Amino acid sequence: METRFVTIDPHHIEEEKLQAAADLIVSGELVAFPTETVYGLGADALCPKAAQKIYAAKGRPSDNPLIVHIGKLSDLERLTDEVSQQARQLAKAFWPGPFTMIVKKKAEVPYETTGGMDTVAVRMPNHPIALGLIKKSGCMLAAPSANLSGKPSPTEASHVFFDLAGRIPMILDGGMVGIGIESTILDLTEEPPMILRPGYITKEMIEDVLGYEVSEDATLMGEDSSKKPKAPGMKYRHYAPKAELVLVEGEPEDVVEKINALTTEKQAFGKRVGVIAGEETKEGYRADVVISIGARTDEDAIARHLYKLLREMDEQDVDVIYSESFASLRIGQAIMNRLLKAAGHQVMHIKKEKDEGSNERI
Ligand code: AMP
Ligand code: MG
């Protein structure tokens, strides 16, 4: 299949380009489009055959449900009979935006879209092209991230092309995304509501709106490996670069010293080593490839660069990647959740007393 790569300026959307994309959606086809979080691979959410095509194009396991993207609040009522007071409060506070709610699904929502579940994930994206495509097609869009299953989510249209060229009919290129990590997912069918995936909208922000504490899936940061995550997608090894990735935590100078020692060891065996560093510490490393993820003072930039950087490491053909930890930031939980998954939970904690670094699987 030929993939049309269509560049659209999000601030001056040419109607005929959007119309061509909308026509594909209406005819049950797939279109990749930008949202503010990552690029999505969209299909008519109420059309079972169209939703199935998403799984085929991505190589996605069929039990991993899709998020339905809506354009207006009244669309929520087309997906669920139970729009609770809390759902309305959260929608008012965070939509359009990087926030997904899980609610009970209506019979009309096909199991192909929900991965066989009786619940449905819903989000209103905050991006003119995403909203334009929903409006023009008149369809709500089932859309997971537009990457091959297991690859880092795409934050630029070129990433989508790299993964899905020849597998989908159209990619809308609206430039680099603004946020760079996927939406926060809150399950409203749990009491109290439960965060299934951390994101730009934090637990504190949700609690401020609801006025009470919400819970978190115990598996988010690898705390309880005996449990299965509630969001089926979180159980898969996601966001994975080709090379082995190890996170190194500790005081900045200890981390630099440890990573340099590990680098020397690996290089002695002829391995190519990559390092993911903050802007402040990047000069201290001796690895083959050192990529700065951004200044620690600019956590939005860190989130925005994360997936692009994991893809760059793949291109550099490194054998092992050491990454600093970014846990202390406001959206640090969301960033670390992705990095931990990419690392298969390999974390090395450097203790203050030297020589006590331990290699732990958490
Ligand atoms: P993606 O769109 O690629 O970011 O993936 C969507 C994420 O939402 C996956 O981790 C899914 O498992 C999760 N998800 C979607 N629908 C549901 C649902 N009904 N219940 C729980 N998790 C869901
Ligand atoms: Mg995804």
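The values are calculated or read from the model by the stated rules, or taken from the named source; none is laboratory data. The structure presented is a predicted model; accordingly, all values stated were derived computationally and were not measured. Virtual Cβ from ideal backbone geometry, glycine too; neighbours counted across all protein chains shown. Remember, those area values only see protein heavy atoms, side chains included, never the ligands or the DNA or RNA. Shrake-Rupley method; radii C 1.70, N 1.55, O 1.52, S 1.80 Å.
General remarks:
- Selected residue (only one of Arg330, Arg272 is open to solvent by 60 Å² or more (accessible area, probe 1.4 Å), in contact with an Asp or Glu (Cβ under 8 Å, 6 or more places away or on another chain) and over 20 Å from Gln346 (Cβ atoms)): Arg330
- Any chance Leu262 is outside any loop (DSSP other than H, G, I, E, B) and in contact with a helix residue (DSSP H, G or I) (Cβ under 8 Å, 6 or more places away or on another chain): no
- Looking at Glu182, Glu216, just one residue is in contact with a Lys or Arg (Cβ under 9 Å, 6 or more places away or on another chain) and within 13 Å of ligand 2 (Cβ to nearest atom), and that residue is Glu182.
- Test: residue in segment 220-232 that is over 23 Å from the mean Cα position of the chain (by Cα), of a type in the set (S, T, N, Q), at pLDDT 95 or above and surrounded by fewer than 19 Cβ atoms within 10 Å (Cβ to Cβ): no
- Among the residues of segment 161-189, the ones that are within 16 Å of ligand 1 (Cβ to nearest atom) and either closer than 17 Å to Gly233 by Cβ or part of a strand (DSSP E or B) (or both) come to 9 in all.
- Some residue of segment 319-331 being within 14 Å of the chain's Cα centre (by Cα) and either assigned to a helix (DSSP H, G or I) or hydrophobic (A, V, I, L, M, F, W, C) (or both): yes
- Against the test of being without any contact (Cβ under 8 Å) to a residue 24 or more places away in the chain and open to solvent by 10 Å² or more (accessible area, probe 1.4 Å), the options Val6, Val83, Val26 yield a single qualifying residue, Val83.
- Filter pass, Lys242 being under 19 Å from the mean Cα position of the chain (by Cα), over 24 Å from Leu329 (Cβ atoms), in a loop (DSSP other than H, G, I, E, B) and within 16 Å of ligand 1 (Cβ to nearest atom): no
- Matching residues in segment 275-293 - criterion: being assigned to a strand (DSSP E or B) and in contact (Cβ under 8 Å) with a residue 40 or more places away in the chain: Val275, Ile276, Ala277
- If you go through segment 289-313 and keep only what is of a type in the set (Asp, Glu) and surrounded by fewer than 18 Cβ atoms within 10 Å (Cβ to Cβ), you end up with Asp298, Asp300, Glu312.
Conditions (1) part of a helix (DSSP H, G or I); (2) at pLDDT 95 or above; (3) within 14 Å of ligand 1 (Cβ to nearest atom), marked per residue:
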| residue | (1), (2), (3) |
| --- | --- |
| Lys106 | no, yes, yes |
| Met117 | no, yes, yes |
| Val122 | no, yes, yes |
| Asn126 | no, yes, no |
| Ala130 | yes, yes, yes |
| Lys135 | yes, yes, no |
| Ser149 | no, no, yes |
| Pro152 | no, no, yes |
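- Test: Ile195 is in contact (Cβ under 8 Å) with a residue 24 or more places away in the chain, more than 16 Å from ligand 2 (Cβ to nearest atom), in a loop (DSSP other than H, G, I, E, B) and of a type in the set (A, V, I, L, M): no
- Scan of segment 43-74 for residues that are within 13 Å of ligand 2 (Cβ to nearest atom) and either open to solvent by 60 Å² or more (accessible area, probe 1.4 Å) or over 18 Å from Lys106 (Cβ atoms) (or both), ordered by number: Ile54, Tyr55, Ala57, Lys58, Gly59, Arg60, Pro61, Asn64
- Test result for Glu82, of a type outside the set (A, V, I, L, M, F, W, C), under 22 Å from Ile206 (Cα atoms) and either in a helix (DSSP H, G or I) or away from ligand 1 (no atom under 11 Å from the Cβ) (or both): yes
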